[in-house]
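Working notes, structure below.
The values are calculated or read from the model by the stated rules, or taken from the named source; none is laboratory data. Keep in mind the model is a prediction, meaning the values are calculated, not measured. When we count neighbours, we look across all protein chains shown, and the Cβ atoms used for this are built from the backbone with ideal geometry, even at glycine. Note: areas computed on protein heavy atoms with side chains; ligands, DNA, RNA excluded. Shrake-Rupley method; radii C 1.70, N 1.55, O 1.52, S 1.80 Å.
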Amino acid sequence: MMKPLVVANWKMNPSSWREAKQLFEATKKAAGKAKGISLVVAPPALFLRELAKGRGGGRIAFCVQSAHHEVGGAFTGEISMREAKDAGASYALVGHSEVRARGATNADTGRQVSAALAAKMRPILCVGEANRSPSGAHFGFVAAQLKAGFENVPASKLSDVIVAYEPIWAIGGEETMSPREMHEMAIFIRKTIVETHGQKGISVRIIYGGSVNEENSDEMLRDGDVSGLLIGHVSVDAGRFSVLMHSLANEV
Ligand code: PGA
């Protein structure tokens with residue numbers, strides 16, 4: 001089994017460098033007690049370089065929450081994958097639903113996945129539908145997101161890409177989708193990648209995100225057919241995150 005991957009997506013938190021340092025110290029402690037887990041922290045980009053300096057024996061990896069596909073140029077307000085890599089990020093979230101809601105398209109995600117790979121980072125392509133429909137239209141929606149995101153990924157690079165399935169309706173609360181439904185979606189995700197990229201697609205790492213907390217994380221990892229979790233609001237609550245890491249460590 002792959003070592004489980006936990007991605008702590010801090011989003012636009014906390015609001016000061018002082019608090020970011022404190023949160024990171026607590027996060028490092030929690031990681032130290034969960035050696036069987038690979039931890040990736042996605043802080044606001046402004047904090048990346050300084051936090052990466054204190055990564056704690058190299059056991060924590062860093063992730064940029066969003067970056068542009070161009071290497072440089074007149075893109076006010078943006079940062080590039082290369083800049084993020086230079087600041088210490090080795091992973092890149094691509095197409096998080098909150099970024100898509102601000103206008104990022106499927107075509108953008110395809111370019112960003114390529115740019116992350118070109119910068120020698122591992123893209124975490126986020127996919128997920130806003131609503132579920134009894135007719136199963138959400139499967140088609142997710143398939144289109146996957147096809148666009150993987151469009152320029154050669155088979156030789158498949159194992160560098162991670163898929164984060166995050167149903168939008170499950171983000172920001174306290175209840176995940178059921179692990180059984182996640183299992184079904186994981187099979188669908190693999191099948192879709194195999195269709196476009198061949199048999200190697202079966203080994204792409206899939207992680208789940210959306211209201212993961214200290215109570216439900218172990219069950220999702222055990223029964224959801226995923227090998228990792230993307231954690232939002234609970235990752236910026238040091239106490240809850242520590243309990244979560246501890247419960248996962250007991251699971252692996
Ligand atoms: P949440 O966020 O854990 O707060 O639901 C997950 C995410 O949006 O990545």
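So here's what we get for this one:
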{"quantity": "Residue check, E151 within 26 Å of A115 (Cβ to Cβ), assigned to a loop (DSSP other than H, G, I, E, B) and of a type outside the set (V, I, T)", "calculated": "yes"}
{"quantity": "Any strands (runs of 3 or more DSSP E) falling wholly within the range 32-117 and containing at least 1 residues that are under 20 Å from E19 (Cα atoms) and either open to solvent by 20 Å² or more (accessible area, probe 1.4 Å) or of a type in the set (A, V, I, L, M) (or both)", "calculated": "38-42, 60-64"}
{"quantity": "Conditions (1) touching a Lys or Arg at 6+ places or on another chain (Cβ under 7 Å); (2) over 16 Å from E166 (Cα atoms); (3) free of Cβ contacts under 8 Å to residues at least 24 places away in the same chain: number failed by H246", "calculated": "(3)"}
{"quantity": "Residue satisfying all of: in the range 137-181; among the charged types (D, E, K, R), within 13 Å of the ligand (Cβ to nearest atom) and open to solvent by 40 Å² or more (accessible area, probe 1.4 Å); modelled with the highest pLDDT among these", "calculated": "E174"}
{"quantity": "Test: V194 is among the β-branched types (V, I, T), away from the ligand (no atom under 16 Å from the Cβ), outside any loop (DSSP other than H, G, I, E, B) and at negative phi", "calculated": "yes"}
{"quantity": "Lone unmet requirement of (1) away from the ligand (no atom under 16 Å from the Cβ); (2) of a type outside the set (G, A, S); (3) free of Cβ contacts under 8 Å to residues at least 60 places away in the same chain for K29", "calculated": "(3)"}
{"quantity": "Number of positions in the range 127-148 that are part of a loop (DSSP other than H, G, I, E, B) and without any contact (Cβ under 8 Å) to a residue 24 or more places away in the chain", "calculated": "4"}
{"quantity": "I207 being within 16 Å of the ligand (Cβ to nearest atom), under 22 Å from L117 (Cα atoms) and either surrounded by 15 or more Cβ atoms within 10 Å (Cβ to Cβ) or in contact (Cβ under 8 Å) with a residue 40 or more places away in the chain (or both)", "calculated": "yes"}
{"quantity": "Pairs where the first residue, in the range 61-87, is under 26 Å from S38 (Cβ atoms) and touching a residue at least 60 places away in the same chain (Cβ under 8 Å) and the second is crowded, with 21+ Cβ neighbours inside 10 Å and small (G, A, S), C-beta under 7 Å, 6+ apart", "calculated": "C63/A42; C63/A89; C63/A92"}
{"quantity": "Residue match in the range 233-249 (condition: at pLDDT 95 or above, surrounded by 19 or more Cβ atoms within 10 Å (Cβ to Cβ) and more than 16 Å from the ligand (Cβ to nearest atom))", "calculated": "no"}
{"quantity": "Unmet requirement for A20, which otherwise passes all of (1) open to solvent by 40 Å² or more (accessible area, probe 1.4 Å); (2) over 20 Å from H246 (Cβ atoms); (3) away from the ligand (no atom under 16 Å from the Cβ); (4) in contact with a helix residue (DSSP H, G or I) (Cβ under 9 Å, 6 or more places away or on another chain)", "calculated": "(1)"}
{"quantity": "Every residue from the range 210-227 that is outside any helix (DSSP H, G or I), surrounded by 24 or more Cβ atoms within 10 Å (Cβ to Cβ) and touching a Pro at 6+ places or on another chain (Cβ under 8 Å)", "calculated": "G210, G224"}
